[in-house]
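Down below is the structure, laid out as structure tokens.
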Amino acid sequence: MTAAMSIYRADFKPLIRIRSDEEKIAYFIDLCATKNGVTADQVKTKGRKREVANARHMARYFIYNYTGLSYLSTAHKTSGINHTTVRTSILVVGDLCQTDKNFRNTFELIYKEVSSQFKPVEKRVNQRY
């Protein structure tokens, strides 16, 4: 075994086998919380600290785009909020990626990890909320 192969094997991270939407939701919340330096419990609360809010917005973005849940279902699964809050979170992620360099870097790290394991759900047509 060459040195290059041993380095590759040490860095190899197998894909996580996640089957249900509940497992995906927990995974997205944990991942976004960890990358933003907060806990998953803080993401589920209504705190307004910037780090917590950013992690919450990112988690809602990934849950909506990678599970196939509607705005309403995503809202109920995350913290019992209104469906428009999920829509607003998705818009905020887009806005912050354009204006905040640190947010964009963190989002891109999470996006690369998520997109290597999951496929985004196709855009919904005629789906209520």
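Look at the range 95-121: where a residue is touching a residue at least 12 places away in the same chain (Cβ under 8 Å) and among the small types (Gly, Ala, Ser) and a partner is loosely packed, with under 14 Cβ neighbours inside 10 Å and not in a helix (DSSP H, G or I), sitting 6+ places away or on another chain with Cβ atoms under 8 Å, you get 116/15. For residue 36, are the conditions met, namely being at pLDDT below 95, of a type in the set (S, T, N, Q) and closer than 21 Å to residue 104 by Cα? Judged against the criteria, residue 36 is not a match. For the range 72-92, filtering for residues that are under 20 Å from residue 111 (Cα atoms) and in contact (Cβ under 8 Å) with a residue 24 or more places away in the chain leaves 5. Return yes when residue 60 is of a type outside the set (A, V, I, L, M), modelled with pLDDT of 90 or more and exposed (fewer than 15 other Cβ atoms within 10 Å of the Cβ) and no when it is not. Answer is no for this residue.
Report, by residue number, each residue of the range 73-129 that is modelled with pLDDT of 90 or more and of a type in the set (Asp, Glu). Within the range 73-129, 95, 100, 108, 113 meet the criteria.
The values are calculated or read from the model by the stated rules, or taken from the named source; none is laboratory data. Here the structure is a predicted model, which means the values were calculated and not measured. Ideal geometry is used to build each Cβ from the backbone, glycine not excepted, and the neighbour counts take in all protein chains shown.
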